[in-house]
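The values are calculated or read from the model by the stated rules, or taken from the named source; none is laboratory data. What you see is a predicted model; the values in this text were computed from it and never measured. We place every Cβ from the backbone using ideal geometry, glycine too, and count neighbours over all the protein chains shown. SASA here: full protein model, heavy atoms, side chains in, ligands and nucleic acids out. Shrake-Rupley method; radii C 1.70, N 1.55, O 1.52, S 1.80 Å.
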Amino acid sequence: MNHPSRPSEYLRGRCPLCFGGPSQSAQDFNAIVCIDACFTQKHNKRSHKDPPRQHPRTVFLPESDVKREEIVASLCPPKTVPKTAAGGEAREDGYELSLKVPNSVLDACEASFTAADGSREKASTQFFDSTALMAMLCRHDRVLWLVNMTSPGERQHYALALIDQLFKNLPSGFRVGLLYDISCSIHHSCVKWGFLDAYLSRLTFAISVFHAYGHGWACQCVYHPRKCDSFGLSDGEGCERFWHSISKLIAYLRICGHHTRLYTLDSQVQYADQLSLLGIGNWLARKWRNTQTRRLEADTQVISSAKQDRYLREQWKSQLSSQTRPLPRQTKNAGRSAVEEAIRLRKVQDTLRDRVSALEDVLSDINSEDYQVAEVEGKLPDLRGKLAQVQAKLIRQEQLLGVVGQQYPFMALRMNAHALKVRLRNRLTSRKFERDRIERSFRRQQYNDWKVRTQTEDAVKRRDPGIQALARQYNILCHKMEELVRLKRAPRNAIAPQPIPLKELFDLDVDDVIWQDVGLDASGDIENPPAWLTNEDVKSGIKGILLRDRCDEELRRLKHECIALYHWLSEEWQVVNACIEAATNLDLVYQLQERRCCLIKLGVTWRNALQGIPQLYNVSDWGLSASELSEAEQDLDEEKLEAVEETEEYIEMEDEFSDFDEDDLDIGLVERIDALEDGELSYGEEDLIDVDNFL
């Protein structure tokens, strides 16, 4: 049964930093977790399973808690593609209840990620009875739960089962931040179909940093952890690091028994927990130093903008509101079609005007034949009528668009640049996905996998020059548009788009130019464009203040995690000492004393790692006294010295053995045999036989 005011004992044992101390401040999450699936961790289908065996500290969810596919399917009907003809009426865009991202953006994100498509087959159930693993880890890369997946795709019910299990082990009021590759999609499902209704008010979704490139800019503005409050500098890639740490087991786990596979994974998790627990102090110290460095950089960026914090926050709020606005209800690509229609009408007007001018020249020519004049007089009225009609349509179209004739080159360049940037962005995103598959390729020792990986790398490299050429073409169009704006041959208040720096082309960072479509549509042609759109200092200041906020959140969280660590160690120390005093069984006393030594070792290790950071280290908060820690440190130093001496003796023995010549070996054997024959040594009969056989 869970304690009403703190997490369950299971979670307190899984991660002392997240669940071992007092509640976090009201402005921050109590814990941050991440979820991901790995489809390289499969298991071959066999005719029968091995005998059941379960690890005493298993982290796997029971199958009965995972099988919710029918419930999810009954609430969430299969997706259907909306029937929209080219140029026809598009479905009305908007928000889904409390979501802040328009439906059109969410649909695009789901289309770009295979993880969001649960019906897509990633592993064949014909050959594998276990197709993948899904894990939930805390932000310290410690496994909370694992799920053994049996479906061919990444179905949502696995993630929902993990989230539900987490909140069942948490007290009411405990707030959680969740990082997932497709958080926008699962958040959409929860709001739309009522999943996790009991916990949704205490759950905040964000996308993991490494996979943010696959989401639209509006989605990144809302779900990127560097732009979301309370996520600090958590990246959500703990699952990726865990998959890499167990990648060496892929081949073995593929062919071993079903229960042996689960037991092996549990054992590997317990081993990783021991290493992680010992290194928590160093992790906290390293994170503190890195965060302090990044905060100084962010503070410098804000100061360089010469803008007040309040003003920058207002500008960010305005930018967020503008760039996450739903698309107006209109025909698909209506703005682009209107411009194309205006350009077409102008070309038709020029053609008709040339033809009318040519016919008028025939009439004015005194050398024209009578039949020519008669033919021209018959055609000219019709052409003049058509020209008048086209001119009237063109005037109406120009009034609708608010442009004049000299602005058409700019409009054409803007349409071409927009099409080019969309194509460039798609190719960069595809390249990033391909690189992702290469980096996830664990079984590199096999020739076929090595061959596929090499071919993929070569294909990516071959496409890089083409992508760079697209970027250069786009930059040329940007410079031409900038020149037209300078010459005042562009629509009023038009803004030229910013060129893409070629050195940052393949980074796909959250604030890169590749995501921005400023200046590529008519929405930017407004009377008084906002500062977040046109002022470079404001843009830089917004980036700096968001990063500074995340650093402040990270520093607060690190302080709280140190307090949680002290509370956990203090409570463990008191419980172990009380049990030792009350225990009567010698075996139990021995185990408790071993646990006590382990706690002392942890305390000394954490103290040595944190005592150089006064903001984190406070010896009065520890359950162990300073004298106990000092005595334990001396004992550990003696153990280390003994280990070093043993290692040095072993090395000396190896050196002696390596210096021992074969001739010396023969002489030594001869001397021992001579002594044996002279009666100076006494050997048993077996020894004599061995010597005879050796000779």
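Annotations
- Using a probe radius of 1.4 angstrom, the carbon and sulfur fraction of the accessible surface of the stretch 119-170 is 43%.
- A full extension of the chain between residue 419 and residue 252 corresponds to an added length of 55.2 nm, given 0.36 nm per residue minus the alpha carbon distance.
- Taking the average, over residues, of other Cβ atoms within 10 Å as the packing measure, peptides 246-256, 168-178 rank 168-178, 246-256 from highest down.
- Karplus-based coupling profile of the stretch 266-271, in residue order and whole Hz: 4, 5, 5, 5, 5, 5, with θ = phi - 60° in 6.51 cos²θ - 1.76 cosθ + 1.60 and x standing for Gly or Pro.
- Net charge in the neighbourhood of residue 172 (other residues with Cβ under 12 Å of its Cβ; Lys, Arg +1, Asp, Glu -1) is +4.
- 5 angstrom amide H check on residue 132, placed H, neighbours 5+ away: 149
- Stretch gain in nm, segment residue 556-residue 462, where the contour uses 0.36 nm per residue and the Cα spacing is subtracted: 29.2 nm
- Between residue 290 and residue 47, the distance separating the two model label sites (each 7 Å from Cα on the Cα→Cβ line) works out to 5.1 nm.
- Annotation for residue 325 and residue 274: the two label points, set 7 Å from Cα along the Cα-Cβ direction, are 6.0 nm apart.
- Residue 426-residue 108 pseudo-label distance in nm [points 7 Å out on the Cα-to-Cβ vector]: 1.2 nm
- Put simply, the amide H of residue 60, placed in the peptide plane, has neighbours under 5 Å in 146, leaving out anything fewer than 5 places away on its chain.
- Residues whose amide H comes within less than 5 Å of that of residue 45, counting only those at least five positions distant or on another chain, are 128, 129 (H built at 1.01 Å from N in the peptide plane).
- Relative packing of peptides 572-580, 554-562 - highest average C-beta neighbours within 10 Å first: 554-562, 572-580
- Rolling a 1.4 Å probe across the protein heavy atoms gives the stretch 179-317 an accessible surface of 41 Å² per residue.
- Phi to ³J(HN,Hα) by Karplus 6.51 cos²θ - 1.76 cosθ + 1.60 over the stretch 472-485, Hz, x for Gly, Pro: 5, 4, 4, 5, 4, 5, 4, 5, 5, 5, 4, 5, 5, 5
- Packing order of peptides 312-324, 276-288, highest average first: 276-288, 312-324 (average count of other Cβ atoms within 10 Å over each peptide's residues).
- Dividing the alpha-carbon radius of gyration of the stretch 253-321 by the rule-of-thumb value 2.2 N^0.38 Å gives 2.11.
- Karplus (6.51, -1.76, 1.60) ³J(HN,Hα), θ = phi - 60°, over the stretch 234-243, in Hz, Gly and Pro reported as x: 5, 9, x, 9, x, 5, 4, 5, 5, 4
- Kirkwood hydrodynamic radius (C-alpha pairs) into Stokes-Einstein, the stretch 161-218, 25 °C and 0.890 mPa s, D in µm²/s: 200 µm²/s
- Stretch gain in nm, segment residue 303-residue 486, where the contour uses 0.36 nm per residue and the Cα spacing is subtracted: 62.8 nm
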